[in-house]
Amino acid sequence: MLKRTVVVVEDEALLRDLVAQSLERAGFSVTTAANAADARRACVAVDPDAVVVDIELGPGPTGFDFVEALLKTTPDVSVVFLTNLPDVRFAGQDPKQLPKSIAYLRKSQLVNSDELVMALENALKGNVSPAFRHDQSGERPLAGLSRKQVSVLQLLALGYSNSQIAEKRGTTIRAVEGIVSRIFMAMGIDPQAPGNARVEAARQYLTASGHQIPEPA
């Protein structure tokens, strides 16, 4: 029986090796890549049955960019996203663009490597069950925010002022103030309470997207 081939695309070396080892133990032939450029070369070399891809791959194209380009040339490749991001809104993408045959797993939600193997098997069969679509869970962080609100929150977390956000988005400061106000409401943040509402919003965003927040010294 021929082994099915998988390309694992992950910029964290330790996690990349752990995922590869788990899939090899499950009977897959695995090739690894650290970024989108390496992944493209790997896919040309081995013509994989599936790819397991992180969305955040450091500088350059994201995992979403890589998958979008890959599916244009080889639409029969199965895809499993393995990422910290609650859903593709956090990568500036429209959730409706994600094909139903793609599995989407949040790293923090994985119980063990068996879950990844089962998600991959589902994707290879083209029938991904809701259990392997963490991006559709109503319990995921910041599920109540719209794509626009997530994009504004991301800029806020990066330290942009309302005027800078307005300039970047090509809108008015008043419009941004309205969006930020609705973001605070959706996140349960009282802008009149003691403390900095923008700092709290940024903290929640960074936590939701899997970034480590250092404790105060």
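The values are calculated or read from the model by the stated rules, or taken from the named source; none is laboratory data. Fair warning: this is a prediction, and the values are worked out from it, not measured in the lab. Please note: Cβ atoms are built from the backbone with ideal geometry, for glycine as well, and neighbour counts cover all protein chains shown.
One line per residue, one yes/no per condition, for (1) at pLDDT 90 or above; (2) out of contact with any strand residue (DSSP E or B) (no Cβ under 9 Å at 6 or more places or on another chain):
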{"residue": "SER78", "(1), (2)": "yes, no"}
{"residue": "PHE81", "(1), (2)": "yes, no"}
{"residue": "ASN84", "(1), (2)": "yes, no"}
{"residue": "VAL88", "(1), (2)": "no, no"}
{"residue": "PRO95", "(1), (2)": "no, yes"}
{"residue": "LYS100", "(1), (2)": "no, no"}
{"residue": "ALA123", "(1), (2)": "yes, no"}
{"residue": "PRO130", "(1), (2)": "yes, yes"}
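Kindly check whether there is at least one residue in the range 157-167 that is at pLDDT 95 or above, among the hydrophobic types (A, V, I, L, M, F, W, C) and either surrounded by fewer than 19 Cβ atoms within 10 Å (Cβ to Cβ) or farther than 30 Å from GLY27 by Cα (or both).
yes
Looking at (1) among the β-branched types (Val, Ile, Thr); (2) farther than 16 Å from PRO86 by Cβ; (3) crowded, with 19+ Cβ neighbours inside 10 Å, find the lone condition where THR172 falls short.
(3)
Considering only strands (runs of 3 or more DSSP E) fully contained in the range 23-109, which possess at least 1 residues that are under 10 Å from the mean Cα position of the chain (by Cα)?
Values: elements: 29-33, 50-53, 78-83, 103-106.
Per the criteria, 50-53, 78-83, 103-106.
Conditions (1) in contact with a Leu (Cβ under 9 Å, 6 or more places away or on another chain); (2) in contact (Cβ under 8 Å) with a residue 24 or more places away in the chain, marked per residue:
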residue: LEU142; (1), (2): yes, yes
residue: LYS148; (1), (2): no, yes
residue: GLN164; (1), (2): yes, no
residue: ARG169; (1), (2): yes, no
residue: MET187; (1), (2): yes, yes
residue: LEU206; (1), (2): no, yes
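Among the residues that make up the range 195-204, is at least one of them surrounded by 12 or more Cβ atoms within 10 Å (Cβ to Cβ), within 30 Å of ILE102 (Cα to Cα) and in contact (Cβ under 8 Å) with a residue 12 or more places away in the chain?
Scanning the range 195-204 turns up at least one residue that is surrounded by 12 or more Cβ atoms within 10 Å (Cβ to Cβ), within 30 Å of ILE102 (Cα to Cα) and in contact (Cβ under 8 Å) with a residue 12 or more places away in the chain.
Among the numbered conditions (1) more than 19 Å from VAL30 (Cα to Cα); (2) assigned by TED's automatic domain parsing to the domain that holds GLU24, tell me where LEU142 comes up short.
Here LEU142 clears every test but (2).
Considering each of PRO95, PRO48 in turn, give the residue that is out of contact with any Asp or Glu (no Cβ under 9 Å at 6 or more places or on another chain) and either farther than 19 Å from TYR205 by Cβ or loosely packed, with under 13 Cβ neighbours inside 10 Å (or both).
Going through PRO95, PRO48 in turn, just one is out of contact with any Asp or Glu (no Cβ under 9 Å at 6 or more places or on another chain) and either farther than 19 Å from TYR205 by Cβ or loosely packed, with under 13 Cβ neighbours inside 10 Å (or both): PRO48.
Can you tell me which residue within the range 1-19, out of those that are among the acidic types (Asp, Glu) and without any contact (Cβ under 8 Å) to a residue 60 or more places away in the chain, is surrounded by the most Cβ atoms within 10 Å (Cβ to Cβ)? Before the answer, list the steps.
Step one: list which residues in the range 1-19 are among the acidic types (Asp, Glu), which gives 10-12, 17.
In the following step, the residues that additionally are without any contact (Cβ under 8 Å) to a residue 60 or more places away in the chain were identified as 11-12, 17.
Values: ASP11: 18, GLU12: 15, ASP17: 13.
Here the answer is ASP11.
State which residue pairs qualify: first residue within 21 Å of GLU12 (Cβ to Cβ) and among the hydroxyl-bearing types (Ser, Thr, Tyr) and inside the range 81-106, second residue in a helix (DSSP H, G or I) and at pLDDT 90 or above in any location, beta carbons under 6 Å apart, and separation of 6 or more residues or different chains.
So the pair list comes out as TYR104/HIS134; TYR104/ASP135.
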